[in-house]
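The values are calculated or read from the model by the stated rules, or taken from the named source; none is laboratory data. The structure presented is a predicted model; accordingly, all values stated were derived computationally and were not measured. FYI the Cβ positions are ideal-geometry reconstructions off the backbone, even for glycines, and counts take in every protein chain you see.
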Amino acid sequence: MSDYELRTVLDSSGGAGDHDSGLSDAELMHCYRSMLMVRAFDDTAMKLQRSGRIGFSIPNRGIEATQVGAASALRTTDWIFPSYRDFGMALYHGVSATDMMHNMFGNALDASKGRQMPVHFSFEEPIHFVSISSPIGTHIPQGVGAAHAMKLRGEDSVALISFGDGGTSSLGFHSGLNFAGVWKSPAVFLCQNNGYAISMPTEKQTASDGFAVKGEAYGIPAILVDGNDLLAVRQATAEGVARARAGDGPTLIEAKTFRMGGHSTSDDPSKYVPKELLDEWEEKDPVPRFEAYLASKGLWVEGDRETLYSGCMAEVKEAADLAQATPLPSLETIFSDVYEEVPQHIRSQGEEAYDLLRRKGDAGGGGGEFPL
Ligand SMILES: Cc1ncc(C[n+]2csc(CCOP(=O)(O)OP(=O)(O)O)c2C)c(N)n1
């Protein structure tokens with residue numbers, strides 16, 4: 001039923017044999033630029049955090065092809081239940097760097113009105129990108145529930161549910177896959193095996209031979225794919241999506257990749273990632289691999305990365321400046337969106353807070369550090 005041979009499309013020199021990605025030249029270039037946008041967003045967020053302008057970010061270097069390849073197999077009517085590391089899925093589908101930066105600064109234009117941590121994005125458009133859950137794996141049954149609802153309504157949308165290798169140790173992983181397997185919910189589970197869950201290496205995460213095999217316990221077909229090969233991830237995801245749309249149920253995809261940075265801006269991976277391992281994965285960087293493919297099609301020449309990347313950096317920097325200049329959410333928003341009618345005891349707490357604001361001109365606000 002399953003195929004655990006590591007699936008690849010692109011060889012190291014960019015050859016793809018007679019593979020047909022189904023993407024036009026413009027779409028291939030959009031995939032490429034989306035990966036560079038992830039890098040530009042990452043690099044900018046790191047500088048913003050180190051200079052104290054934002055509290056937290058999550059590095060994505062090395063896993064861009066998994067995110068963009070998977071996202072490219074979805075329609076905008078589909079639903080993404082993302083991991084906090086899925087910047088590329090949002091960017092590929094046209095979420096603007098500005099909307100993402102509003103979240104990073106927690107300002108008044110942030111979709112969550114500053115109530116979430118940075119990188120806990122939530123977008124209704126251009127694709128359903130469901131608010132990120134901090135507790136690992138809790139979004140897996142949520143995504144299965146949404147997928148199942150689509151099936152009951154007779155819609156042909158699917159849910160892509162993305163999580164890390166660490167996410168497979170959560171209760172949500174087991175209950176989510178079990179339900180989806182039994183009820184043939186239109187879900188595609190994307191396990192991004194990026195080598196570590198914070199400092200916990202994959203080999204200590206599970207006694208199984210990898211993660212794809214876990215699908216068998218739930219009657220779910222699985223695919224093991226090279227996560228640094230954008231076209232292979234796209235192909236594997238497209239297969240899962242097609243099965244789900246056809247009513248044939250879920251698919252589990254294990255994308256083997258590597259987190260080339262720290263877990264977050266609060267982490268120092270040099271304490272636990274062996275240098276040889278990093279060097280080994282540096283050689284497998286998904287960006288030059290895709291560039292070699294584009295070059296073989298006459299779409300890329302030496303120097304194009306620098307030109308495109310500086311355009312991405314300018315876009316992200318402008319987004320960051322705009323987000324920083326946007327006011328923070330007003331104090332009143334603490335009390336909105338929960339009760340239709342605010343109860344008396346909450347109203348009096350609000351009055352106290354507004355009074356403090358009137359007297360002191362500032363009702364507080366912490367240093368913004370996040371220890372995770
Ligand atoms: C239930 C729960 N336990 C622990 C944590 C702390 N924590 C935050 S991120 C993380 C690592 C998750 O690793 P993985 O799922 O592999 O994703 P990755 O960060 O590698 O992309 C952990 C343990 C949490 N957020 N929720």
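For every residue, the table says whether it meets (1) modelled with pLDDT under 95; (2) loosely packed, with under 15 Cβ neighbours inside 10 Å; (3) closer than 30 Å to residue 43 by Cα.
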| site | (1), (2), (3) |
| --- | --- |
| 262 | no, no, yes |
| 294 | no, no, yes |
| 301 | no, yes, yes |
| 304 | no, no, yes |
| 322 | no, no, yes |
| 338 | yes, yes, no |
| 360 | yes, yes, no |
| 371 | yes, yes, yes |
- [ ] Would you tally the residues in the stretch 113-172 being closer than 24 Å to residue 41 by Cβ, of a type in the set (D, E, K, R) and out of contact with any Pro (no Cβ under 7 Å at 6 or more places or on another chain)?
- [x] 4
Task: Unique residue being outside any helix (DSSP H, G or I) and surrounded by 14 or more Cβ atoms within 10 Å (Cβ to Cβ) when the list is 48, 10, 36 - done: 10
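So which of 185, 208, 162, 133 ends up being away from the ligand (no atom under 15 Å from the Cβ) and either closer than 30 Å to residue 281 by Cα or in a loop (DSSP other than H, G, I, E, B) (or both)? Full working, then the answer.
Working: 208 fails: away from the ligand (no atom under 15 Å from the Cβ); 162 fails: away from the ligand (no atom under 15 Å from the Cβ); 133 fails: away from the ligand (no atom under 15 Å from the Cβ).
185 is the lone residue from the list that is away from the ligand (no atom under 15 Å from the Cβ) and either closer than 30 Å to residue 281 by Cα or in a loop (DSSP other than H, G, I, E, B) (or both).
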Open item on the list: Being in a loop (DSSP other than H, G, I, E, B) and modelled with pLDDT of 95 or more narrows it down to one residue among 120, 148, 102; which is it?
Closed with: 120
Open item on the list: Looking only at the stretch 309-320, filter to residues that are surrounded by fewer than 18 Cβ atoms within 10 Å (Cβ to Cβ) and of a type in the set (A, V, I, L, M, F, W, C); which one of those is nearest to residue 15 (Cα to Cα)?
Closed with: 313
Open item on the list: I'm trying to understand the selection: among the residues of the stretch 224-266, which are assigned to a loop (DSSP other than H, G, I, E, B), more than 20 Å from residue 202 (Cα to Cα) and β-branched (Val, Ile, Thr)?
Closed with: 265
Task: Qualifying positions in the stretch 165-182 - within 13 Å of the ligand (Cβ to nearest atom), closer than 23 Å to residue 70 by Cα and either part of a helix (DSSP H, G or I) or not assigned by TED's automatic domain parsing to the domain that holds residue 130 (or both) - done: 166, 167, 168, 169, 172, 173
Open item on the list: Take residue 171 and tell me if it is buried (at least 24 other Cβ atoms within 10 Å of the Cβ) and at negative phi.
Closed with: no
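Quick one: which residue in 87, 123 is aromatic (Phe, Trp, Tyr) and surrounded by fewer than 23 Cβ atoms within 10 Å (Cβ to Cβ)?
Details: 87 fails: surrounded by fewer than 23 Cβ atoms within 10 Å (Cβ to Cβ).
So the residue among 87, 123 that is aromatic (Phe, Trp, Tyr) and surrounded by fewer than 23 Cβ atoms within 10 Å (Cβ to Cβ) is 123.
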- [ ] Name the one entry in 70, 26 that is modelled with pLDDT of 95 or more, outside any loop (DSSP other than H, G, I, E, B) and surrounded by 19 or more Cβ atoms within 10 Å (Cβ to Cβ).
- [x] 70
Task: Candidate set: the stretch 285-312, residues that are outside any helix (DSSP H, G or I) and in contact (Cβ under 8 Å) with a residue 40 or more places away in the chain; chosen: the one nearest to residue 64 (Cα to Cα) - done: 285
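Yes/no per residue for (1) touching a residue at least 40 places away in the same chain (Cβ under 8 Å); (2) of a type in the set (A, V, I, L, M, F, W, C); (3) farther than 19 Å from residue 82 by Cα:
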{"site": "189", "(1), (2), (3)": "yes, yes, no"}
{"site": "192", "(1), (2), (3)": "yes, no, no"}
{"site": "232", "(1), (2), (3)": "yes, yes, yes"}
{"site": "248", "(1), (2), (3)": "yes, no, yes"}
{"site": "276", "(1), (2), (3)": "no, no, yes"}
{"site": "280", "(1), (2), (3)": "no, no, yes"}
